[in-house]
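The values are calculated or read from the model by the stated rules, or taken from the named source; none is laboratory data. This structure is a prediction, so every number in the text was calculated from the model and none was measured. Cβ placement follows ideal geometry from the backbone for every residue including glycine, while neighbour counts extend to all protein chains displayed. We work out accessible area using only protein heavy atoms, side chains counted, and drop any ligands, DNA or RNA first. Shrake-Rupley method; radii C 1.70, N 1.55, O 1.52, S 1.80 Å.
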Amino acid sequence: MSATILVPAADPEPASGSPLGIPGPLLHGLLLLVALAAFAWIVRRRLLVLRRGAPDPRLDRLGERLRRLLVIGFGQSRQLRYPVAGIVHVLIFCGFLVLLFRSLTLLGQGFWGGFAIPGFAGPVYAAVKDWTGLVMLGCCAVAAYRRLYVKPARYHDRLALRSHGGEAHVILGLIALLMVADAVFEATTLAAHGGRSWALPLASLAAFALEAVPDSARPGLGVFAFWLHNVALCCFGCYLPVSKHFHVITSLPNVFLGKLDPAGRVKPPRHGLPPGAQPGEIGVRRLADFTWKHLLDFFSCTDCGRCSDVCPAYATGAPLSPRQISVKCRDEAYAAHPVFGRPPAGARPELVGGLIEDRELWACTTCRACEDVCPVTIEYVDKIVDMRRFLVDDGRVPAGMQKALGHLEKKGNPYGKPGKKRGEWVAADGGDCGVRVLAAGASAPLCFFTDSATAFDPRIQRIGRAFGRLLRAAGADCGTLGADEVDSGHEARRVGEEGLFESLREQNLQALAAREVGRVVTTDPHALNALRHDYRLGEPVLHHSELLAELIAAGRLRPFALADGRTYTFHDPCYLGRHNGVYEAPRAVLAAIPGLRTVEMAAARNKSFCCGGGSLYLFREGEGERRMGELRIEQAELAGAQVVVTACPFCLINFEDAIKTTGRTGRIEVVDLAELLERALVTAAPPAATTGA
Amino acid sequence: MKQVLVIAERRGAVLDEGVFELLTAARALAGGGGRVAAAVLGHGIGGLAAELARGFDRVFAFDDERLAEPDGDGDAQALLPLLARGGFDAVLLAHGNLGIDLAPGLSVRAGMPLLADCLELHWAGQSLAGTRAVYGGKVHARVVAAAGGTGAMATVRGGAFAPAGPGTVAGEVVAAALPAEFAPRRRPLRTLRPEAGEVDITQSERLVAVGRGIEDEDGLQLVRGLAAALGADLCASRPVVDKGWLPRSCQVGTSGVTVRPKLYVAVGISGSFQHMGGIKGSPFVVAINKDRAAPIFGVADVGIVGDLSEVVPALEAAIEEQKG
Amino acid sequence: MDIIVCIKRVPDLAEAGLEIAADGRGLRTEDLDFDINEWDDYAVEAAVRLKEQHGGVVTAITVGDEDAEEVLRRALAMGADQAILLDDAAFAGADPFAIATALHACIRSLPFDVVLCGAVTSDGASGQVGGMLAALLDVPQVALATGLEVDGGRARVRHEVEGGLEREVEVALPCLITAQSGLNQPRYVSIRGIRKVADVAIAARSAGDLGLAATAVGEAGSRVRLEGLLLPPAGKRAEILEGSLDAAVATLVERLRERGGL
């Protein structure tokens, strides 16, 4: 083996040959023309599907879009949550970027023998490219091995109507073929020069394998390999947009065009309508009712299954697999708008209510785990809400939810309690928690928006009062809207009852406007999200974890040591964490309690697992075999915790339920952050402790 | 001194027990010198008429193959001449499915006022008067039939009157003929009976409900014993069903089945609104729970605070003792 | 097919504290929420499904004041085609017979194949109006329906009968059916759905329009007079049986015996 780096000379001259009796460049031109025409035709047909979609403004804030493109797109930032598949994908992605120039070079060489792209013709690129080819082959082998033998659970969706796994094998085969063909092509030139090199491991390997080939046959073999590579490349290009591998083309645009609005803000029923306009139909019933960007999402889904792998509904056996929403919609888009020929005669099957069943849509708690994990930023919550909007408009609402919605309409809370009793929680235990019920015209620097669970559920009322006493201890003056408050409408909006949401929002905005309040605080992350993002009140709305952290930092609350021998863990509520990015404030409160032993669950922060309370699930029965809350309590136990601290009424209700139903009473406890902090404030006599601290 | 007619309901070939509650009411309304009559409809009902004649002074037996199945529409046609002939100051029916089907139409045709679902009946002067539960049983209404001289009808809630004991009246059985114009307008196709072994709790009059307070399946066995002693069916709140200890068809609540029992014994049930929302018809509610603050005590009529593993067996024993 | 559905607006009693009005004959309504009677909801759903299957026109009728328009709008949003409000001061204080009289006077001038009513209302709870209306219209009726199919001039009805059984019967059209829970699962009516029918005109009819004398309707036309309302004697908080277990159990058995529970 030669020690010098050899620059492969283009000895086999594809451009000078005449395969099939046709001059090489001409034939090559024909190949390219056919391939480009086919590719253009297919992509045009696909884009026509997008043009049928509803409007969706996605070209604002270009700087932020570019940043996301660099981080999530080119930076592949979401890949590594799944280490093996993630690394393989990152390597293949980088490999494609490197080999892009080699492919262009080889296409050029079909016309001109010595064609080279400036900067990509030297020995350095040759070495990089050859190593890349080797790595790519290795990645193909690993990927194929995983698909054929390891079979990770997420590749086999129990709700899939049909498998697209075969397409993955085609693509892996094509990639491998490209690598091998190029290597053989290279090897024939190497052999012509008689040298192999560590710098060119793949080509050298091929040369070694081809030693038995007589010299006379080598140029012919080289030409064959060259044509094989270029034909395979054309096939590869055209196969992408007809398969699930369209993502190779669409995922970078998809990331660039991703949702920049706050994660917790649900899209309006239709973009571009003047305020107050009432569209005749709302929601998504047919494919074309989706926005064009949501259709692009379908094209961009790789069927990787990460979304369903983290979906709590899927994990509990409920009839929902987010990825199947993308896959089924894409299959339907492709079937309804074939690349060649006319659309099939006859009516298409119903999309919502047919291909996508009602119960599939009702199974979602809008926890957003799927969106957070998707490597190409596919949106699910907005789509599911849009499809539910259609179901609600069509009257197709599960019975338990109908009752809760009816109560929301008539009484302003899903429990069906009289609205005038809404402010009674402040003293329902006979005491005074320090929160004032504000009459219209009154003012307070801080307004406690309770939302319905805190106002009416006796267990959750205790959290509200504990928080009130903390505020009083910190010297904060806090009022609440009392009977003028109604439910935030957060869940009503998420189950698709947009009209009800609007009416509740108006009532609350009027109640707020009738009083002079500074900041608004809530113990309910769903209310936080509604007020901050749905009502667009923005930052003056705080979650109690944020306010408590602030009061502790300002020295207005000084917790005493709470070392009871138990280990505490914080459960991130979906609408606090994933939807609003509040991860640090509750942890800061825990850290401020001296002696508190804490541990993180494996699924913490943005990986948190939903309690199962969203989308009015407190008022109806799910279809899962298990309850999400039970799984979450098991996760907490696995982490070694005896106390789960949460900061959301729904989480608390579901976890307390789960502890009872799984017979864990006494072994594990769940408390709200405010309740825990109150314990830490009354454990010791204040004066002694403060001097000691 | 009044004439009172009871329209007897039957379950196939046996009399409905409610007939004897109506007999008590009828005797009270008839007063000392009054007479009580019964009407019974069916095919081959000689035995039933004879049984009625032990308690009622007169029994009108409508025996015809066209009356084989109870039929609120047809039965009204059959009974109309008897009522139209006059002479009855009060006509009583049980406020059950048949009474609801039969009484309103009959009252219109006979030109009689109808007091429905009465808990109590008395005379206000010459007019039939009663008390009935309205607004879901939260309010009682005192009602009185408008004076008109045609007599009045009333349907009576089951359990409102104690059943009369075995009678010794030796009343007269009168074979009543169907009117010539009798033309039933309903064609019965089939009667659906619940499958054997399958308890339909929506129809149960007595229910013992178990909640998450029973901590294991042994607790469930205890409660089964209590239910058997009471002659009640077993139902549950959601957590028990979720554990698979009882089938989904046993789950009472907004997400389960709605029941309308008369007696509801809630064992280890906290009384969430989701569960209580499935209970209709204002039954007598007994609660057994170890948590004195459990909301169930806010809706129950009577309760015992205690450990159900102690209370339930003690109660079962006491009931068995009472039954003798 | 012409389908008529009779509905009523009733107070929601689930969580409400009921107070009897000063005249002792009604409830204080200031703090009450009202909605369509639950059983009437099944009736409307059944009517709309019949229309969806067979075509035709669904007409919703209620007796009440302008507040009662709310339930007619709801019926329209569910799919009813027209709505009639029987509104007259003379209708006040009506018993079920006087209500049936007013409904009859309205319906007799309309074409109909099926009349649907709720089996019972959650307020008065007498379950009489449907059966009385059928008698006045002189059409066959089936009470407490849990299943309904119409085909070729006949209705096949499953309904609850004696002893908790169900029976399937057939009647010729026109007929009257009262809807029991279990007949169907009514569709959801969204706020948007209600807004969409906000401008549909609702026909109002007075007693005079229906050719009824004021003495034939309302309290004057009633056969049963309401003397007054009273709250049931027992306060609604469980009597907690204290003392030893044996004593408590003995008292409980006594209570059960009193209530006929043994």
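Using a 1.4 Å probe on the protein heavy atoms, what percent of the accessible area of the range B:201-323 belongs to carbon and sulfur? Write down the numbers at each step before the final one.
Working: 2190 of 4570 Å².
Carbon with sulfur: 48 percent of the solvent-accessible area.
Summing +1 for each Lys or Arg and -1 for each Asp or Glu, what net charge is found among the other residues whose Cβ lies under 9 Å from the Cβ of A:ARG78?
Details: positive: A:ARG81, A:ARG306; negative: A:ASP372.
In short, +1.
Less than 20 Å from a label point 7 Å out along the Cα-to-Cβ axis of A:ALA554: which backbone N atoms in the range A:500-542 qualify, by residue?
A:516-524, A:538-542
Measure off 7 Å from each Cα along the Cα-to-Cβ vector at A:LEU26 and C:LEU231, then give the distance between these two points in nanometres to one decimal.
For the pair A:LEU26/C:LEU231, the computed spacing is 10.5 nm.
To the nearest 0.05, how large is the calculated FRET efficiency for A:ALA209 and A:LEU47 if R₀ is 45 Å and r is the Cβ-Cβ distance? It would help to have the intermediate numbers written out before the result.
Numbers: r = 43 Å, r/R0 = 0.96.
In this case the efficiency is close to 0.55.
Expected output is a single nm value to one decimal: the length gained when fully extending between A:VAL34 and A:ARG566, i.e. 0.36 nm times separation in residues minus the C-alpha distance. What is it? It would help to have the intermediate numbers written out before the result.
Details: separation 532, 0.36 × 532 = 191.52 nm, distance 7.04 nm.
So the extension gain works out to 184.5 nm.
Along the Cα-to-C-beta direction of C:ALA214, a point sits 7 Å from the Cα; which residues of the range C:64-103 have their amide N less than 11 Å from that point?
Within reach of a label on C:ALA214: C:89-91.
Report, to two decimal places, the Cα Rg of the protein assembly as shown normalised by 2.2 N^0.38 Å (N = number of residues). List each step's numbers first, then the result.
Numbers: Rg = 38.2 Å, N = 1279, 2.2 N^0.38 = 33.3 Å.
Computed over Cα atoms of the protein assembly as shown, the ratio equals 1.15.
Shape verdict for the range B:201-323, please, from the Cα gyration tensor: rounded (a/c under 1.5), prolate (a/b greater than b/c) or oblate.
On the way: a/c = 1.25, a/b = 1.23, b/c = 1.01.
Cα axes put the range B:201-323 in the rounded bin.
From a point 7 Å beyond the Cα of A:LYS607 in the direction of its Cβ, which residues of the range A:65-87 have a backbone N at a distance under 12 Å?
A:80-83
Would you mind giving the total buried accessible surface between chains B and A, with a 1.4 Å probe and ligands, DNA and RNA left out, rounded to the nearest 100 Å²?
900
What are the ³J(HN,Hα) values, in whole Hz, obtained from phi via the Karplus relation 6.51 cos²θ - 1.76 cosθ + 1.60 with θ = phi - 60°, for each residue of the range B:103-117 in sequence order, with x given for Gly and Pro?
These are the phi-based 3J(HN,Hα) values: 4, x, x, 4, 5, 5, 5, 7, x, 10, x, 10, 9, 9, 6 Hz.
Work out which residues of the range B:53-87 lose at minimum 30 square angstrom of accessible surface when the other protein chains are put back, relative to the chain isolated, with a 1.4 angstrom probe, and list them by number.
Those residues are B:PRO70, B:ASP73.
Taking the Cα centre as origin and putting +1 on Lys and Arg beta-carbons and -1 on Asp and Glu beta-carbons, what dipole magnitude results for the range A:194-284, to the nearest 20 debye? Could you put the intermediate results ahead of the total?
Working: 7 positive and 4 negative charges, 72 e Å.
For the range A:194-284, the charge dipole is close to 340 debye.
For the range A:413-553, count all C-alpha to C-alpha pairs, find those more than 27 Å apart, and express that count as a whole percent of the total.
Details: 1182 of 9870 pairs.
When all Cα pairs of the range A:413-553 are counted, 12 percent exceed 27 Å.
Suppose every Lys and Arg Cβ carries +1 and every Asp and Glu Cβ carries -1, with no other charges. What dipole size does chain A come out with about its Cα centre, to the nearest 20 debye? Don't jump to the answer; show the numbers that get you there.
Values: 78 positive and 68 negative charges, 53 e Å.
In debye, rounded to 20, chain A gives about 260.
With solvent modelled as a 1.4 Å probe, how much accessible area in total do chains C and A shield from it at their shared surface, in Å² to the nearest 100?
Numbers: alone 14530 and 28300 Å², together 40990 Å².
For C against A, buried area totals roughly 1800 Å².
Any idea what angle helix A:322-336 forms with the longest principal axis of chain A, computed on alpha-carbon atoms, 0 to 90 degrees, nearest 10?
The angle comes out near 50 degrees.
Take A:LEU80 and C:GLN53, extend 7 Å from each Cα along the Cα→Cβ direction, and tell me the distance between the two endpoints in nm.
Label at A:LEU80, label at C:GLN53, 6.3 nm between them.
Express the accessible area of chain A per residue in Å², computed with a 1.4 Å probe while the remaining protein chains stay in the model. Intermediate results must be reported in sequence, preceding the final value.
Details: 26960 Å² over 693 residues.
Using a 1.4 Å probe on heavy atoms only, each residue of chain A averages 39 Å².
Pull out the extension gain between A:VAL124 and A:ARG359, defined as 0.36 nm times the separation in residues minus the alpha carbon to alpha carbon distance; nm, one decimal. Spell out each step's value before the answer.
Details: separation 235, 0.36 × 235 = 84.60 nm, distance 5.71 nm.
Between A:VAL124 and A:ARG359, full extension yields an extra 78.9 nm.
Using only Cα atoms and rounding to the nearest 10 degrees, what angle (0 to 90) does helix A:165-193 make with the longest principal axis of chain A?
The answer is roughly 40 degrees.
Once phi is turned into θ = phi - 60°, what whole-Hz ³J(HN,Hα) does the Karplus curve with 6.51, -1.76 and 1.60 give for every residue of the range C:33-47, x standing for Gly and Pro?
9, 10, 7, 5, 4, 3, 6, 5, 4, 5, 5, 5, 4, 4, 5
Checking a compactness column here: for the range A:62-256, what do you get for Rg(Cα) / (2.2 N^0.38 Å), N being the number of residues?
Numbers: Rg = 18.4 Å, N = 195, 2.2 N^0.38 = 16.3 Å.
Normalised by 2.2 N^0.38 Å, the Cα Rg of the range A:62-256 equals 1.13.
Rounded if a/c is under 1.5, else prolate if a/b beats b/c, else oblate: with a ≥ b ≥ c from the C-alpha gyration tensor eigenvalues square-rooted, which is the range C:2-216? Spell out each step's value before the answer.
Numbers: a/c = 1.32, a/b = 1.31, b/c = 1.01.
Rounded, because the longest to shortest axis ratio a/c is under 1.5.
Give the long-range amide H neighbours of A:ALA444: residues separated by 5 or more places, or on another chain, with amide H under 5 Å away, using H modelled in the peptide plane at 1.01 Å from N.
A:GLU516, A:VAL517, A:GLY518
Where Lys and Arg each count +1 and Asp and Glu each count -1, what net charge lies around A:ARG342 among other residues with Cβ under 14 Å from its Cβ? Don't jump to the answer; show the numbers that get you there.
On the way: positive: A:ARG45, A:ARG348; negative: none.
That sum, taken over residues with Cβ under 14 Å, equals +2.
Run the numbers on the range A:390-418: which residues show a drop of 50 Å² or more in accessible area, chain on its own versus all protein chains together, using a 1.4 Å probe over heavy atoms?
Listed in order, they are A:ASP393, A:GLN402, A:LYS410, A:LYS411.
Can you pull the one-decimal nm distance between simple spin-label points at A:PHE111 and B:TRP123, each 7 Å off the Cα toward Cβ?
11.7
Ignoring ligands and nucleic acids, what accessible area does A:TYR617 show with a 1.4 Å probe (Å², nearest 10)?
Accessible area, nearest 10 Å²: 40 Å².
Based on Cα coordinates alone, diagonalise the gyration tensor for the range C:70-192, multiply each eigenvalue by 5, take square roots, and list the semi-axes in whole Å, largest first.
23, 19, 16
Using a 1.4 Å probe, how large is the accessible area of A:CYS301, given in Å² and rounded to the nearest 10?
For A:CYS301, the solvent-accessible surface is approximately 10 Å².
For each pair in A:LYS383/A:LYS411; A:LYS403/B:LYS262; A:LYS417/B:LYS280, compute the distance between the two Cα atoms and list the pairs where it is over 21 Å.
Numbers: A:LYS383/A:LYS411 29 Å; A:LYS403/B:LYS262 25 Å; A:LYS417/B:LYS280 18 Å.
Exceeds cut-off: A:LYS383/A:LYS411; A:LYS403/B:LYS262.
How much of the accessible area of the range C:2-216, in percent, comes from carbon and sulfur atoms when a 1.4 Å probe is used?
On the way: 3490 of 7640 Å².
The computed percentage sits at 46.
How much accessible area per residue does the range C:213-253 have, in Å², with a 1.4 Å probe?
54
Once neighbouring chains are kept in place and the probe is 1.4 Å, which whole percent of the accessible area of chain A is contributed by carbon and sulfur? Please report the intermediate quantities before stating the final value.
Numbers: 16790 of 26960 Å².
Carbon plus sulfur share of accessible area: 62 percent.
Starting from the Cα gyration tensor of the range A:4-139, take the square roots of the eigenvalues, sort them a ≥ b ≥ c, and report rounded, prolate or oblate (rounded when a/c is under 1.5, otherwise prolate if a/b is larger than b/c, else oblate). It would help to have the intermediate numbers written out before the result.
Details: a/c = 2.47, a/b = 1.34, b/c = 1.85.
Oblate, because a/c is 1.5 or more while a/b does not exceed b/c.
Rounded to the nearest 500, what is the 222 nm mean residue ellipticity of the protein assembly as shown from helices alone, with -39500 (n - 2.57) per DSSP H run of 4+ residues and division by all residues? Walk me through the intermediate numbers first.
Details: 42 runs with 490 residues, N = 1279.
Helix-only estimate at 222 nm: -12000 deg cm²/dmol.
If Lys and Arg each add +1 and Asp and Glu each add -1, what is the summed charge of the other residues whose beta carbon sits under 14 Å from the beta carbon of A:GLU64? It would help to have the intermediate numbers written out before the result.
Numbers: positive: A:ARG58, A:ARG61, A:ARG65, A:ARG67, A:ARG68, A:LYS259; negative: A:ASP60, A:ASP261.
After counting each charged neighbour, the total is +4.
Only counting protein heavy atoms at a 1.4 Å probe, give the residues of the range C:207-227, ordered by number, whose accessible area falls by 50 Å² or more when the other protein chains are present relative to the chain alone.
For the range C:207-227, once contacts with the other chains are taken into account, C:ARG223, C:VAL224, C:ARG225, C:GLU227 lose 50 Å² or more.
Enter the buried accessible area of the B/C pair, total of both sides, probe 1.4 Å, in Å² rounded to the nearest 100.
Values: alone 16430 and 14530 Å², together 24430 Å².
Accessible area lost upon association: around 6500 Å².
If you line up the long axis of helix A:649-661 against the longest principal axis of chain A, both from Cα atoms, how many degrees apart are they, to the nearest 10?
On a 0 to 90 degree scale, this one is about 90.
Residue-wise, which Karplus ³J(HN,Hα) couplings in Hz belong to the range B:24-32, taking 6.51 cos²θ - 1.76 cosθ + 1.60, θ = phi - 60°, and x for glycine or proline?
4, 4, 5, 4, 5, 6, 5, x, x
How much area per residue is accessible in the range B:218-309 when the probe is 1.4 Å and only protein heavy atoms are counted (Å²)?
Numbers: 3110 Å² over 92 residues.
Spelled out: the 1.4 Å probe surface of the range B:218-309, per residue, equals 34 Å².
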